[in-house]
Amino acid sequence: MSVKVLRGGNARIRSRGTEVAERECVPRSFWDVLDSWGGKWIWELVEPKYRTGDLSWLDKGMKNGTLVRCADGSYRKKISPFVSSAGWVIHCTSSSNSIEGGVYEVSDSANAYRAKQLDIDAFHHLMAALSVFYGHKDWKSRGGCDSLGAIKITRRRLKGIRPSMKCADILRNIRTARNKMTAKPDYFHVFGHMDDWPRDDPDDAP
């Protein structure tokens, strides 16, 4: 719209233009769904081949319940006291196809437990994006993690998250992703060094 201001504070419309329609972005893969949610730094370590290759096996794996997830967080205080990191993989037991990636975060809150929550956070966002893109309902997937504390608090499906809770920001992210998921995640425990911490409350884990 073009407007001309006249004397006395009056205005006159000189011309009108047609409204420009917003461009609809149709996701080509679940990666596009993930990217549209922001937080691209979480996926920047994923190799291009996992983004551009044939991902139809994920669709079949969701239908058949043959997708297995596994992840491990890492924290080495003496080497990088402000870095929490995690690596993850999704594998199909039927087709033997896999995708994998990693994530790291630089934070004053870095510790071993936060690293474990980072990998679970990545899993939940991956499952949420798969749910949105492929549209399957009530699909099943198993996930391995070596932190009993992280598994326990994830299974609680928290609605209210206290600011004082360990990794409260990540837990809120997990909650947001879970609300978009149509999956029924099942976590199984893999023994690891986190089990050396005899803690009853997962909020108190290191």
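The values are calculated or read from the model by the stated rules, or taken from the named source; none is laboratory data. Just so it is clear, the model here is predicted, and its values are computed rather than measured. FYI the Cβ positions are ideal-geometry reconstructions off the backbone, even for glycines, and counts take in every protein chain you see.
List of remarks:
- Answer from Ile90, Ile79 - the residue that is in a loop (DSSP other than H, G, I, E, B), at pLDDT 90 or above and of a type in the set (Val, Ile, Thr): Ile79
Let's see how each residue does on (1) at pLDDT 85 or above; (2) of a type in the set (Val, Ile, Thr); (3) in contact with a Pro (Cβ under 9 Å, 6 or more places away or on another chain); (4) in a helix (DSSP H, G or I):
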{"site": "Ile174", "(1), (2), (3), (4)": "yes, yes, no, yes"}
{"site": "Lys180", "(1), (2), (3), (4)": "yes, no, no, no"}
{"site": "Pro185", "(1), (2), (3), (4)": "no, no, no, no"}
{"site": "Pro198", "(1), (2), (3), (4)": "no, no, no, no"}
{"site": "Asp203", "(1), (2), (3), (4)": "no, no, no, yes"}
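- Residue within the range 12-26 that is modelled with pLDDT under 90 and surrounded by 10 or more Cβ atoms within 10 Å (Cβ to Cβ) present: no
- Scanning the range 118-170 for residues that are touching a Ser or Thr at 6+ places or on another chain (Cβ under 7 Å) and of a type in the set (A, V, I, L, M) yields Leu118, Ile120, Met127.
- Residue match in the range 53-74 (condition: without any contact (Cβ under 8 Å) to a residue 24 or more places away in the chain and of a type in the set (Lys, Arg)): no
- Of the residues making up the range 129-162, those that are surrounded by fewer than 18 Cβ atoms within 10 Å (Cβ to Cβ), at pLDDT below 85 and not hydrophobic (A, V, I, L, M, F, W, C) are Lys152, Arg155, Arg156, Arg157, Lys159, Gly160, Arg162.
- Scanning the range 51-60 for residues that are under 29 Å from Ala115 (Cβ atoms) and either assigned to a loop (DSSP other than H, G, I, E, B) or modelled with pLDDT of 95 or more (or both) yields a count of 4.
- Positions within the range 163-172 being modelled with pLDDT under 90, under 23 Å from Ile42 (Cα atoms) and not aliphatic (A, V, I, L, M), in sequence order: Pro163, Lys166, Cys167
- Residues of the range 53-81 that turn out to be among the basic types (Lys, Arg) and in contact with a Gly (Cβ under 8 Å, 6 or more places away or on another chain), as a count: 1
- Glu105 meets the conditions (1) touching a His at 6+ places or on another chain (Cβ under 8 Å); (2) in a strand (DSSP E or B) in every case but one. The failed one is (1).
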